[in-house]
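Scroll down for the structure; my scribbles are underneath it.
Since every read-out is calculated from the coordinates, none of them should be taken as a lab result. Quick caveat: nothing in here was measured; it's all calculated off a predicted structure. Quick reminder, even Gly has a Cβ in these numbers, built from the backbone with ideal geometry, and neighbours come from all protein chains shown.
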Amino acid sequence: MKRMLRALTAAALALLTAATLCLVPAAAEVPAGADADLPFPVGAAFHITDTYRKYPEEQLLLAARMGVKIVRIDMSIADLAMADYLDQYIALGRAYGLDFMGYVASVEQAEIVAKRYGKEIKYFQILNENDAVGLAYGDGTTKEMYNRKKMMEIVQTAKDISAVLRKYAPQSTLIINMTWIHYGFLHYLVDEGVDFDWIGLDWYSHMDKSYGIDTEMEGQNGAGLNRALDDLTERFHKPLILCEINTWDNDTAEDADRMGQYNIDCMELCRKKAKTNDIRGYVVYEFLDEPEKRNGTYPREGYFGLVELNDGLELVGPKPAYYELQEYLGFKGKDVKQIPLSSLDLDQFNAQTPDAGETDEPQTPPATVTPTTPTTPTTPTTPTTPSGGSVTPTPPADLETDEEPDDADEAFVPEELDPIEKTVEEHQYIERGFPVWLIIEIVAVVVLAAGAVVYVLLWRKKHGADFSDTPTAANA
């Protein structure tokens, strides 16, 4: 009985310990000294949607505090109606030392953006995931799998955009991206003489399982990515940048907890291959959640953020992955002060925008430019990206407004992040999973109660005790 009592007590203590551990999100394994020699900048994807525009100052301060160096943002603007917002956003980002990667979807957009912001945009991405537009069948590895008519239209658009960017932003690096293993798309562009500098790859965790995996990496994060990077280098001999990368299923707390470790593992992979594969950057998709997409065609796209927003579009705070990447990048505990917008020089952008008489080309852009949103061809073997293969999402009708949201000052503000070491619980990170810790604690209590009963029985047996009110002959 004594052995049984000791065993029950030990089991209860073990269960209580396990329950306690369940309350703390598992931390990603951060390689020692990882932040000291990462040979490429790390960035995050941002947008100009209503959700992102509610928090321009907050998101850039949080990005700087995490260690972000590249801000990848869609610049699918039809005219300069959003100039005031972008002027402040780009000036503030540059004040924090952030570099911008802007992607444009048409010649008109490229001209508007490059004329006004060309000196501030270090990287320009030409189009976005147009490999999904031209793909006709198969896994996209060869040119024959693409629709020639569609591809020649893409080729011409890419050439025209490239020419505009070379004229108005000659110092910028030009990037064309693709998803998964759609090498045939790039072969088309290269063979047709499209002018660009780097290859951008969009990669998500489900693609690791859908592509031939090197045996030595089987079951590891980034296994398929490892082979894709080698294939791109062998085929094209151009510098590479990860334009989008993240885990694929992020719509539960358990899934989101894997986000940090997956990206750290893939960054470590890219670190090892940086020289042999000429890897120039790594951009996580994305920085903020987009709750408005949770009831749309691709609900999971509402949960890709490193920073959580609830369904009311309120900024809740960083997810565990944010802190894990912050530590990995060496920014945990670093003091990044907020920069007020009032201290910025916004006249610089007006000076960059040429007057109509300064060029020999028409300067009046179309009143509206609505990029088309092609759908992804039905190809069972081809994984999708967060936008499901769409390459130029149509901006919402109310996107071009300069009105400030009424509740913008009621939400989470980044000053509350000081000190940076605050825990995830203090930032009210919402757990959406089932409380396993509660079940473990209930079982532990039951085990302890059973142990107590056994102890009482043993004590009575040893001392002959009786707990009744009437004394017996044995103990009178």
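Results, tabulated for the structure shown:
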item	result
Out-of-range pairs (alpha-carbon distance over 18 Å; input Lys209/Lys319; Lys150/Lys238; Lys275/Lys334; Lys69/Lys332; Lys69/Lys238)	Lys209/Lys319; Lys150/Lys238; Lys275/Lys334; Lys69/Lys238
Anisotropy class of the range 234-345 from Cα gyration tensor, a/c 1.5 cut	oblate
Distant-in-sequence amide H partners of Trp203 (H built 1.01 Å from N, under 5 Å)	Glu244, Ile245, Asn246
J(HN,Hα) series, the range 452-459, from Karplus relation 6.51 cos²θ - 1.76 cosθ + 1.60, nearest Hz, glycine and proline x	5, 4, 4, 4, 4, 4, 5, 4
For Tyr146, residues with placed amide H under 5 Å, excluding near neighbours	Ala136
Total charge dipole magnitude, the range 81-129, about the Cα centre, Cβ charges on Lys, Arg, Asp, Glu only, Debye to nearest 20	200 debye
Sites Leu344 and Ala452 - FRET efficiency at Förster radius 60 Å, r taken between beta-carbons, to 0.05	0.35
HN-Hα J in Hz across the range 226-240 - Karplus 6.51, -1.76, 1.60, θ = phi - 60°, x for Gly and Pro	4, 6, 4, 4, 5, 4, 5, 5, 5, 7, 10, 6, 10, x, 10
Computed label-point distance, nm, for sites His463 and Gln220 using a 7 Å Cα→Cβ extension	6.1 nm
Burial ordering of Phe236, Phe124, Phe100, fewest other beta-carbon atoms within 10 Å first	Phe236, Phe100, Phe124
Filtered GluC sites (Glu not before Pro), the range 186-264: DSSP coil and at most 13 other beta carbons within 10 Å	Glu218
Relative contact order of the range 98-244, pairs being alpha-carbon contacts under 8 Å that are 6 or more residues apart, as %	22 percent
Reach of Lys167 by Cα under 18 Å, taken over lysines that are not fewer than 8 positions away in the same chain	Lys115, Lys119, Lys122, Lys159
Distance between modelled label sites at His187 and Asp79, nm, 7 Å Cα→Cβ extension	4.4 nm
J(HN,Hα) series, the range 130-145, from Karplus relation 6.51 cos²θ - 1.76 cosθ + 1.60, nearest Hz, glycine and proline x	6, 4, 5, 6, x, 5, 9, 6, x, 8, x, 7, 10, 5, 5, 7
Which of Glu324, Glu57 has the fewest Cβ neighbours within 10 Å, and the rest in rising order	Glu57, Glu324
Other-chain or far-sequence residues with amide H under 5 Å of Gly305's (modelled H)	Glu286, Asp289, Glu290
